[in-house]
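Reading through the structure tokens given below for one structure.
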Amino acid sequence: MPAPPILAITFDLDDTLWAIDPVIERAEQRMHAWLAEHYPRLPERYSPADLRELRDGLLQQRPELAHDLGTLRRESLALAAQHCGYGRDAAEGAFAVMWQARNEVELFADVLPVLTELAAQLTLGGLTNGNADIARIGLGGLLRFCVSAHSVGVAKPHPAIFEAASAAAGVPVEQVLHVGDDPQRDVIGARAAGMRTVWVNRDALAWPGGPRADAEVADLHGLRELLLRWHIVPGA
């Protein structure tokens with residue numbers, strides 16, 4: 001029996017549609033500068049690396065926050081503020097500055113043209129363990145929904161987050177194609193949930209092992225060509 005047709009595509013966000021490391025580095029630097037102006041004792045005691053270490057230590061103590069990166073960062077900032085004799089307002093203000101910068105991303109050059117074309121033919125959505133805001137980033141008109149680990153209560157590769165994305169798309173999991181850069185979280189997780197998968201391998205890495213994706217592409221232009229070959233989208 002042939003596989004049912006693909007009616008929706010979910011996209012991982014960080015490192016699939018944009019590079020996340022420079023975004024986070026810039027956001028942390030902006031937050032640190034804001035703290036130096038408004039709550040100077042905190043950045044005098046904690047460098048950005050120190051704050052990351054504090055956050056990682058808090059995660060070890062509170063593993064239930066692994067699916068909620070925003071709360072984890074706010075709580076670790078609140079702990080740092082407390083250590084420096086400040087109230088929670090310091091943490092909330094610092095997080096607001098960082099979160100705004102975190103949503104100032106530079107999309108890979110292939111993203112907008114391919115998503116614009118595909119959005120006219122299929123239901124597209126985001127599926128992320130992070131806390132990016134697709135409306136702030138400017139993708140709200142192309143991605144009809146965004147399912148996050150925070151909103152579901154579990155993170156990829158847990159099958160429940162993929163099932164939630166399928167429900168948001170309004171189609172069965174076997175008719176959803178998931179596209180992402182992470183072999184474990186995106187490919188193996190989505191496969192286990194019943195989705196078909198495409199691995200976006202922008203850095204030409206070797207497959208690390210385990211069940212492979214249905215296909216591998218170097219970028220979203222490659223995804224478009226793949227969808228043409230699979231007859232999921234019509235040719236020009």
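The values are calculated or read from the model by the stated rules, or taken from the named source; none is laboratory data. Owing to the predicted nature of the structure, the values given are computational and were not obtained by experimental measurement. All Cβ positions, even for glycine, are placed from backbone atoms using ideal geometry, and neighbour counts span all protein chains on display. Only protein heavy atoms, including side chains, enter the accessible area calculation; ligands, DNA and RNA are left aside. Shrake-Rupley method; radii C 1.70, N 1.55, O 1.52, S 1.80 Å.
State which residue is most open to solvent (accessible area, probe 1.4 Å) when the search covers only region 208-234 and only residues that are touching an Asp or Glu at 6+ places or on another chain (Cβ under 8 Å) and over 19 Å from Ala8 (Cβ atoms).
Residue satisfying both the conditions and the ranking: His221.
Given the conditions (1) at pLDDT below 95; (2) open to solvent by 20 Å² or more (accessible area, probe 1.4 Å); (3) in contact with a Phe, Trp or Tyr (Cβ under 9 Å, 6 or more places away or on another chain), and given that His150 satisfies all but one, which numbered condition is not satisfied?
(3)
Restricted to region 182-207, and to residues that are among the charged types (D, E, K, R) and within 24 Å of Ser148 (Cα to Cα), which residue is surrounded by the most Cβ atoms within 10 Å (Cβ to Cβ)?
Of everything passing the filter in region 182-207, Asp186 is surrounded by the most Cβ atoms within 10 Å (Cβ to Cβ).
Take the residues of region 1-46 that are outside any helix (DSSP H, G or I) and free of Cβ contacts under 8 Å to residues at least 60 places away in the same chain: which is most open to solvent (accessible area, probe 1.4 Å)? Walk me through how you get there before you give the answer.
So the first thing to find is which residues in region 1-46 are outside any helix (DSSP H, G or I), and the list is 1-20, 39-40, 46.
Now restrict to residues that are free of Cβ contacts under 8 Å to residues at least 60 places away in the same chain: 1-2, 39-40, 46.
Values: Met1: 225, Pro2: 114, Tyr39: 40, Pro40: 53, Tyr46: 22 Å².
Top of the filtered list is Met1.
Would a scan of region 218-233 turn up a residue that is free of Cβ contacts under 8 Å to residues at least 24 places away in the same chain and either in contact with a Cys (Cβ under 9 Å, 6 or more places away or on another chain) or of a type in the set (A, V, I, L, M, F, W, C) (or both)?
Here is the first cut: in region 218-233, the residues free of Cβ contacts under 8 Å to residues at least 24 places away in the same chain are 218, 222, 225, 228-229, 231.
Now narrow it down to the ones that are either in contact with a Cys (Cβ under 9 Å, 6 or more places away or on another chain) or of a type in the set (A, V, I, L, M, F, W, C) (or both): 218, 228.
Checked against the condition, which is being free of Cβ contacts under 8 Å to residues at least 24 places away in the same chain and either in contact with a Cys (Cβ under 9 Å, 6 or more places away or on another chain) or of a type in the set (A, V, I, L, M, F, W, C) (or both), region 218-233 yields at least one hit.
From the list Gly130, Gly140, Gly87, Gly189, which one is among the small types (Gly, Ala, Ser) and in contact with a Pro (Cβ under 7 Å, 6 or more places away or on another chain)?
Being among the small types (Gly, Ala, Ser) and in contact with a Pro (Cβ under 7 Å, 6 or more places away or on another chain) holds for just one of Gly130, Gly140, Gly87, Gly189, which is Gly189.
Go through the residues of region 192-202 one by one and say whether even a single one is at pLDDT below 95, among the β-branched types (Val, Ile, Thr) and either touching a Ser or Thr at 6+ places or on another chain (Cβ under 7 Å) or in a loop (DSSP other than H, G, I, E, B) (or both). Give the derivation first.
Let us first name the residues in region 192-202 that are at pLDDT below 95, namely none.
So far as region 192-202 goes, no, none of its residues is at pLDDT below 95, among the β-branched types (Val, Ile, Thr) and either touching a Ser or Thr at 6+ places or on another chain (Cβ under 7 Å) or in a loop (DSSP other than H, G, I, E, B) (or both).
Within region 114-141, which residues are open to solvent by 30 Å² or more (accessible area, probe 1.4 Å), closer than 18 Å to Ala8 by Cα and without any contact (Cβ under 8 Å) to a residue 60 or more places away in the chain?
Those that are open to solvent by 30 Å² or more (accessible area, probe 1.4 Å), closer than 18 Å to Ala8 by Cα and without any contact (Cβ under 8 Å) to a residue 60 or more places away in the chain: Thr116, Ala120, Gly140, Gly141.
For residues that are in a helix (DSSP H, G or I) and closer than 22 Å to Asp203 by Cα, scanning just region 105-139, find the one that is nearest to the chain's Cα centre (by Cα). It would help to see each step written out before you state the result.
Our first condition is that a residue be in a helix (DSSP H, G or I); within region 105-139, this holds for 111-119, 134-137.
Remaining after also requiring closer than 22 Å to Asp203 by Cα: 111-115.
Working: Val111: 15, Leu112: 17, Pro113: 20, Val114: 18, Leu115: 16 Å.
Among them, the one singled out is Val111.
Would you say Glu75 is under 28 Å from Trp34 (Cα atoms), assigned to a helix (DSSP H, G or I) and of a type in the set (Asp, Glu)?
Spelling it out, Glu75 is indeed under 28 Å from Trp34 (Cα atoms), assigned to a helix (DSSP H, G or I) and of a type in the set (Asp, Glu).
Name the single residue, out of those in region 212-236 being touching a strand residue (DSSP E or B) at 6+ places or on another chain (Cβ under 9 Å) and part of a loop (DSSP other than H, G, I, E, B), that is nearest to Leu112 (Cα to Cα).
Top of the filtered list is Asp219.
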